[in-house]
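The values are calculated or read from the model by the stated rules, or taken from the named source; none is laboratory data. Computed from a predicted model, the values in this text were never measured in an experiment. With ideal geometry, Cβ positions are generated from the backbone for all residues, glycine too; neighbour counts draw on all protein chains shown. Keep in mind that these areas ignore ligands, DNA and RNA; they rest on the heavy atoms of the full protein, side chains included. Shrake-Rupley method; radii C 1.70, N 1.55, O 1.52, S 1.80 Å.
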Amino acid sequence: MSKQKICFVTGNRAEYGLLKQLMKLTDISSQFEMLLVVTGSHLSPDHGNTITEIESDGFKINHKLSLQLSSVTEQSVSQATADVINHLGTYFAQTRPDLLVILGDRYEIFGAATAALFLKIPVAHIHGGEITEGAFDNSLRHAISKMSHLHFVSTNEYRDRVTQLGENPNYIFNVGGLGVDAIKKTILLDRDDLEKQLSIKFLKKNLLITIHPNTLEKEHSYQITRNLLIILSDLKDTGFIFTAPNADPNFTEIKSMIQSFITKHSNAYLFDSLGQQKYLSCLAVVDAIVGNSSSGILEAPSFKKPTINIGNRQKGRVQAKSVINCDINEKSISNAIEKGLSEEFNRQLAHLHNPYGSGGASEAIF
């Protein structure tokens, strides 16, 4: 009897990090044949060429789909989505997977789900039902859920939302967050190793910072970055580790502002991609995570680290008590960082529970 073909599509560093453990289980299984499609920012020099991380993890890549991401605009995102539908429609027709496994809400993933829909290929969607009011990802995520057949959500609230979308409750499973799995199965580097491998110097206090474009609020992306950098300039004895923004419209503007800041501050560093091990290791070492990345919501609570969540990009997600939400103005950001670094606030996190579970999501899905 031939093995069933399980096809994974990955388009960026964060979503690959979440999928990796599930991919390993599938890849070594005697029951399945795994197909792997790599696209999006994985193949972009401006975003760290993270396809090399996938290759170094030992996965066979069956299909590569390059997209034009050197200068991302609203129009180029539309074109990239069309390219994914077109190319993967052809690839799926040739390979005929028995199941497509996708995670999240990116436009590349939306394109993959659309191609599978027209070819009558069942879709398993992970991390559906979530809300992110400040990004068009919010609409894409729900659209992907409507094109999917198996749903693996991370909280009961998200299970209820996918049910409200009209999906069959018998095919909606709350397995917890895949980010917790990644943390538990990653061998973390200590502070000294990180300094050597990243060529950085940790200071008395350290912040891990990621600012992604607010794709529904163009001006906010500029304002968040500008106001945050002003606040950071006044912090003493503090190191800043920036990771580059996603391949979304206006990412080049954010990145150039950070690069300009880096040239003027020897205590600041920018990485196109840290890779999963180094990123999670930094999370374990720093004093707080700052910006508007989902990592501050999904992963940081497992390290009992404060998250200063700026603006509306993550608004609507289930959050731990470690998340401090603030407006995009200077005073609000400054007050939030001060609170996050305070001894009083950190004492409250000693017994923090991550609402996205305690691990085991990859095995449950498999």
Query raised in the report: Tell me, which residue of region 237-246 that is assigned to a loop (DSSP other than H, G, I, E, B) and within 18 Å of Asn206 (Cα to Cα) is most open to solvent (accessible area, probe 1.4 Å)?
Result: Asp237
Query raised in the report: Quick one: is Asp137 touching a residue at least 24 places away in the same chain (Cβ under 8 Å), charged (D, E, K, R) and open to solvent by 50 Å² or more (accessible area, probe 1.4 Å)?
Result: no
Query raised in the report: Filter region 339-366 for residues that are part of a loop (DSSP other than H, G, I, E, B) and free of Cβ contacts under 8 Å to residues at least 24 places away in the same chain; which is most open to solvent (accessible area, probe 1.4 Å)?
Result: His351
Query raised in the report: Does region 219-236 contain any residue that is closer than 30 Å to Ile187 by Cα and open to solvent by less than 50 Å² (accessible area, probe 1.4 Å)?
Result: no
Report task. Specify which of the listed residues (His212, His151) is touching a strand residue (DSSP E or B) at 6+ places or on another chain (Cβ under 8 Å) and in a loop (DSSP other than H, G, I, E, B). Result -> His212
Report task. Evaluate the following for Ile131: is it of a type in the set (Val, Ile, Thr) and modelled with pLDDT of 95 or more? Result -> no
Requested in this report: Output the number of residues of region 247-271 satisfying the condition of being in a loop (DSSP other than H, G, I, E, B), under 29 Å from Asp190 (Cβ atoms) and open to solvent by less than 50 Å² (accessible area, probe 1.4 Å).
Outcome: 2
Report task. Enumerate the pairs (first residue in region 225-251 and within 21 Å of Ser44 (Cβ to Cβ); second residue anywhere and among the basic types (Lys, Arg)) with beta-carbon separation below 8 Å, excluding pairs fewer than 6 apart on the same chain, so at least 6 apart or on different chains. Result -> Ala244/Lys255; Pro245/Lys255; Pro249/Lys218; Asn250/Lys218
Query - The one condition in (1) among the hydrophobic types (A, V, I, L, M, F, W, C); (2) without any contact (Cβ under 8 Å) to a residue 12 or more places away in the chain; (3) open to solvent by less than 30 Å² (accessible area, probe 1.4 Å) that Leu35 fails to fulfil - result: (2)
Report summary line: By residue number, the members of region 185-209 that are open to solvent by 20 Å² or more (accessible area, probe 1.4 Å) and in a loop (DSSP other than H, G, I, E, B) are Lys185, Thr186, Ile187, Leu188, Leu189, Asp190, Ser199, Lys201, Leu203, Lys204
Report task. Given the conditions (1) part of a helix (DSSP H, G or I); (2) in contact (Cβ under 8 Å) with a residue 24 or more places away in the chain; (3) not polar (S, T, N, Q), report the number of the one that Lys331 does not fulfil. Result -> (2)
Report task. Show the residue pairs that are 6+ apart or on different chains and have beta-carbon atoms under 6 Å apart, the first residue being within region 161-174 and modelled with pLDDT under 95, the second being loosely packed, with under 13 Cβ neighbours inside 10 Å. Result -> none
Query raised in the report: Does Asp181 satisfy the criteria of being part of a helix (DSSP H, G or I) and either small (Gly, Ala, Ser) or open to solvent by 50 Å² or more (accessible area, probe 1.4 Å) (or both)?
Result: no
Report summary line: Given the conditions (1) out of contact with any helix residue (DSSP H, G or I) (no Cβ under 6 Å at 6 or more places or on another chain); (2) aromatic (Phe, Trp, Tyr); (3) surrounded by fewer than 22 Cβ atoms within 10 Å (Cβ to Cβ), every one holds for Tyr16 apart from (3)
Query raised in the report: Within the bounds of region 104-125, is there any residue that is aliphatic (A, V, I, L, M) and open to solvent by 50 Å² or more (accessible area, probe 1.4 Å)?
Result: yes
Requested in this report: Mind listing whichever residues of region 87-100 are assigned to a helix (DSSP H, G or I) and either open to solvent by less than 20 Å² (accessible area, probe 1.4 Å) or in contact (Cβ under 8 Å) with a residue 12 or more places away in the chain (or both)?
Outcome: His87, Leu88, Gly89, Tyr91, Phe92, Ala93, Thr95
Query - Test set (1) within 25 Å of Lys24 (Cα to Cα); (2) part of a helix (DSSP H, G or I) - Thr81 fails condition number - result: (1)
Query raised in the report: Do we have Gln223 as modelled with pLDDT of 95 or more and farther than 22 Å from His353 by Cα here?
Result: no
